[in-house]
Amino acid sequence: MTIKLLEPDEITKMRAAGKLAASVLDMIGEHVKAGVTTGELDRLCHNFIVDELDCIPAPLNYTNGPGTPPFPKSICTSVNHVVCHGIPSDRKTLKNGDALNIDVTVIREGYYGDTSKMFFVGKPTVLAQRLVAVTQECLYKGIAEVKPGATLGDIGHVIQRHAEGSNFSVVREFCGHGIGDTFHSEPQVLHYGRRGTGMTLQAGMAFTIEPMINAGKRQVKILPDQWTAVTKDHKLSAQWEHTLLVTDDGVEVLTARDEEDFS
Ligand code: MF3
Ligand code: CO
Ligand code: CO
């Protein structure tokens, strides 16, 4: 398998797209509160992405292939037991105690920035706090593995070890992905695996890490809308995502927010 390495001018565009995607998550935070609908969050993000950032929201009308329905909204909002690809809706009102993932992907000058984070509505349960913290740690441990010469299995290994060591489980049906002038490309970045296995990383590769970690069992099912993935046992799930670039001496987090420190 050969992976396209980014040219310097492409890296410049990926940096711009990544920063803009991150800014959407910064913008939406204050709007996540009890009584708001996920449909309203989608409209706020859509208008911000189009009118303020001059970007395209990549999820809108995105399709997984012929015969599957296009995604109808501009962001994904995945509440509580929704694992990923939750569809924003004016009928889904947030309530105190909810934990949700907002996943934003923007296109800027043809290049993609893809990132997501967890938000709490009011006061989270102790379990939700722990699951969300461990899932973020899984992402950060995965990122810390990224450098030339490391393998994709190194990333999966540290994520799986931390999640399962915390008595949580790793979703296997979805993975991180190559990204650049397309939304999803090779390689598949699994969130489980064995150290030293899989593709070796090289400077200039760009991909996401986006672990989905469940409080209960790892199994998921897809709802009849053909997008929404939920836990089979209806227990809580969490996810965090960044878009990364492999550099000569390590990693650059293209979608880093100011609240984060990757130095
Ligand atoms: N942003 C998601 C990812 O991390 C993909 C969403 S596709 C959509 O890969 F169509 F559901 F929006
Ligand atoms: Co992604
Ligand atoms: Co995403």
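Using only Cα coordinates, the Kirkwood hydrodynamic radius of the stretch 19-76 works out to 12.3 Å. Its Cα centre serving as origin, the stretch 8-253 has a Cβ charge dipole (Lys and Arg +1, Asp and Glu -1) of approximately 1140 debye. If a spin label sat at a point 7 angstrom from the Cα of Lys4 along the line to its beta carbon, the backbone N atoms of the stretch 187-204 nearer than 17 Å would be those of 187-188, 202-204.
Separation of the stretch 133-196 and the stretch 37-54, taken as the distance between their Cα centroids, equals 29 angstrom. Taking amide H as placed 1.01 Å from N in the peptide plane, the amide H of Thr243 sits under 5 Å from that of Asp114, Leu254, Thr255, each at least 5 places away or on another chain. Distant-in-sequence amide contacts of Lys92, defined by a placed amide H-H separation under 5 Å and a gap of 5 or more residues or a different chain, comprise Thr38, Gly39. Spin-label model, Thr93/His234: points 7 Å from Cα along the beta carbon direction are separated by 2.1 nm. Separation of the stretch 1-22 from the stretch 212-243 is 28 Å, based on Cα centroids. Computed 3J(HN,Hα) for the stretch 103-109, one whole-Hz value per residue from the Karplus formula 6.51 cos²θ - 1.76 cosθ + 1.60 where θ = phi - 60°, is 10, 10, 10, 10, 10, 10, 6, glycine and proline marked x. On the basis of the beta-carbon distance and an R0 of 22 Å, Asp54 and Met27 show a calculated FRET efficiency of 0.95. When the solvent-accessible area of the chain is split by element, carbon and sulfur atoms take up 50 percent of it, the probe being 1.4 Å. Two-decimal Rg/Rh of the chain from alpha-carbon positions, Kirkwood Rh? Radius of gyration over Kirkwood radius for the chain works out to 0.94.
Solvent-accessible surface of the stretch 8-253, averaged per residue with a 1.4 angstrom probe and all protein chains in place: 42 square angstrom. Per-peptide packing, taken as the mean over residues of other Cβ atoms within 10 Å, places 249-259, 101-111 in the sequence 101-111, 249-259 from highest down.
Nearest 500 deg cm²/dmol is fine: what mean residue ellipticity at 222 nm does the chain get from its DSSP H runs of n ≥ 4 alone, each adding -39,500 (n - 2.57), divided by its residue count? Mind dumping the intermediate values first?
Numbers: 4 runs with 65 residues, N = 263.
The per-residue figure over the chain is -8000 deg cm²/dmol.
Residue pairs exceeding 18 angstrom between C-alpha atoms, taken from Lys19/Lys92; Lys33/Lys217; Lys33/Lys95; Lys4/Lys147: Lys19/Lys92; Lys33/Lys217. Screening the chain for DSSP H helices whose Cα atoms reach 30 Å or more along their own axis and whose mean Kyte hydropathy is at least -1.0 gives 8-28.
The values are calculated or read from the model by the stated rules, or taken from the named source; none is laboratory data. Predicted model, so just to flag it, every value in this text is computed and none were measured. In this analysis, Cβ positions are derived from the backbone assuming ideal geometry, glycine residues included, and neighbour counts consider all displayed protein chains. Each accessible area value is taken on the protein alone, full model and side chains, heavy atoms only, with ligands, DNA and RNA left out. Shrake-Rupley method; radii C 1.70, N 1.55, O 1.52, S 1.80 Å.
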